[in-house]
Structure formats: C-alpha cells, structure tokens
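Report on the structure given below.
No lab work stands behind these numbers, since they all come straight from the coordinates. Treat the numbers as computed from the prediction; the structure is a model and nothing was measured. All Cβ positions, glycine included, derive from the backbone under ideal geometry; neighbour counts span all protein chains shown.
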Amino acid sequence: MRRTTFFAGLLVVSTVAAGCLDDSITGIRPVTISIAAESETAAVGELVTVTYSATGTGLISVIVDWGDGVIDTVPFGGAPVEAAGGVEHTYSDAGSYDITGTVNAQNGTASSGIAIQIS
C-alpha cells in the first residue's frame, strides 16, 4: 500500500508555486506594501481587521504596528515574491491610532500607514 504524507503534499504545492513565481524568470520584484482597514472607526473592544498586500524578492515578513504598543508579525521565510492576508486586533483605549504595515524582503523594506479612530 502506498502512503502519501501531508508534508509531501505541501512540498509539491510549494514547488509548483515557486516555479510560477521564480525570480530567475520574473526578475527582482520591487518591495511594496499596501494596507487597508475594513473601517476607519471602531469602538473600544471591537475587532479591527487590517488587510495587506506585499511584494518583494524573497519576502521575509510583514509587520503590523497597531500604534498602541502591540506589534504583530507574519513570517514568510524568504520564499514568496507576493503575499496577501489580514491581521486582527482590539484596542482597549479610545483615541486616534496610526497603523503601520512594513514588509521585509531580501531586497529591502517598505512601509505604508493608515489612521483609525477608536471611540
């Protein structure tokens, strides 16, 4: 009986994805990031979602600084050249907060920011 493991399936998916986004074919990707909030206002304790879209050659991580002392990191391990996703946070105090998203790639860094009002 032949047995396929979950790891082997991931390896195949990873190989296919890497082949489609191979830097030797596409060249060096510029380092960019854009972030957006579902809403520019929220209440204390309400879940705030920020989405990001990032590019770069060998993405290492996306870091979201929520402006209240909390920082979230999404690691990529240096393999992809494009990434998109979202992170969530709740604020415990009312106020205006500047949220900054930073992408770290093997060929540099880039940042983007938005403001949110918590009441």
Separation in nanometres of the label points that stand 7 Å from Cα toward Cβ, at Glu82 and Thr109: 2.5 nm
Volume per residue of the C-alpha convex hull in segment 59-106, rounded to whole Å³: 70 Å³
Segment 28-118 - convex hull of alpha carbons, volume per residue in Å³: 70 Å³
